[in-house]
Amino acid sequence: MALHLIPLGLFALSVALPTSALAQGAHATSAVELAREAGRLQPGQWVWAPEISPKGPVLVVVDLSAQVATVYRNGVRIGVSTVSSGKPGHETPTGVFTILQKDPHHRSSTYNNAPMPYQERLTWDGVALHAGGLPGYPESHGCVHLPLEFSKLLFGTTQLGGTVIVSGRAGEPIGGASAGVFSPAGERRGTHVPLAPDESYRWQPELSPTGPLTIILSRSDGRAIVMRNGIEIGRARVELPDQNFETHVLSYIAGAGGAEGHWTYVAVPGHDGDQGRPLDMSIADKARIPEAFRKAVLGAVTSGTTMLVTQAPVLPASTGGKLTVLASEEAK
């Protein structure tokens, strides 16, 4: 395995960034090698294996409990890095986010013009992925800090509108039953209009005609919400068949040569064994969903579509944390 060294052209950033942000990483050439290296990462370290899955949609999963970010392409893990998330009082919000903006040379207008290389904005109130300090514990003002070279590699791999899932809770052990991916929203909410009493579903794909699709299923509220490019395009009343209260994330993989595609599980905190497991369609078929809504959603699903199944509520009247939505302005 060849070590991947920091290019000399990035040396100038070391004056402004903590040295831990400039840690060495490693390239892996197989899924087995990547898994071995990922299991022993120390603060500031990362491993990258893009050859394992050269093409396809990208999903980033940030595990606050373990302070680790994992990158999937076409449902296959291609990179893992240690991170540093928000410190107490500035906690990184959990949620399903869309990459709203990318800026390789971003500087903060809030924190003394501090450099934030390879920034990928997740909310308009300032949460982003970017290169930063990595002391081995949460220390940011809400952003997710990455090693400098890893942030550069990730920046070159993701696209605007891509999906980032942030789950878990910093400082707590990984748990199996946490709702994980929901929290109070920021000041400026997006348009999330509840269904009227006589509405079983709503479908408005024209609100966001193209871009990455995310489907959110809330067991507690009996709702399906469909987001495209971070904009809600549909919702429906649903009944899910089982009493599983855990959080699951699935990615849709298109079939080769016209073959039928399939859903596979992506590992989230407490569910590492899920990775790559196909969805049991006999369970999925038992879900009660308005047929017109089901057909509309299936017609919109493409390779890389993400589906989140959670016990967390999404309705304003429900107790507990709500779905994170886009907020205000500067990255932290």
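The values are calculated or read from the model by the stated rules, or taken from the named source; none is laboratory data. The model shown is predicted, which means the values in this text are computed figures rather than measured ones. Cβ coordinates were reconstructed from backbone atoms using ideal geometry, including for glycine residues, and neighbour counts include every protein chain displayed. Heads up: the accessible areas ignore ligands, DNA and RNA and are worked out on the full protein's heavy atoms, side chains in. Shrake-Rupley method; radii C 1.70, N 1.55, O 1.52, S 1.80 Å.
If I compute solvent accessible area with a 1.4 Å probe over the protein chains, what percent of it on the range 99-162 is carbon and sulfur?
Carbon-and-sulfur percentage of accessible area, whole number: 48.
Measuring from label point to label point, each 7 Å out along Cα→Cβ, what is the LYS87 to ALA292 span in nm?
Distance between the two pseudo-spin positions: 5.4 nm.
Name the residues whose placed amide hydrogens come within less than 5 Å of the amide hydrogen of MET116, ignoring near sequence neighbours (fewer than 5 apart) on the same chain.
Result for MET116 returns HIS106, ARG107, SER108.
Distance in nm between label sites at ALA196 and VAL301, each 7 Å beyond Cα in the beta-carbon direction?
Output for this residue pair reads 3.0 nm.
Near LEU134, within a Cβ-to-Cβ distance under 14 Å, what is the net charge of the other residues, with Lys and Arg +1 and Asp and Glu -1?
Overall, the nearby charge balance is -1.
Considering amide H positions built from the backbone, and no H for Pro or chain starts, which residues 5 or more places from ILE78, or on another chain, come under 5 Å of its amide H?
HN-HN under 5 Å from ILE78: VAL71, TYR72, ARG73.
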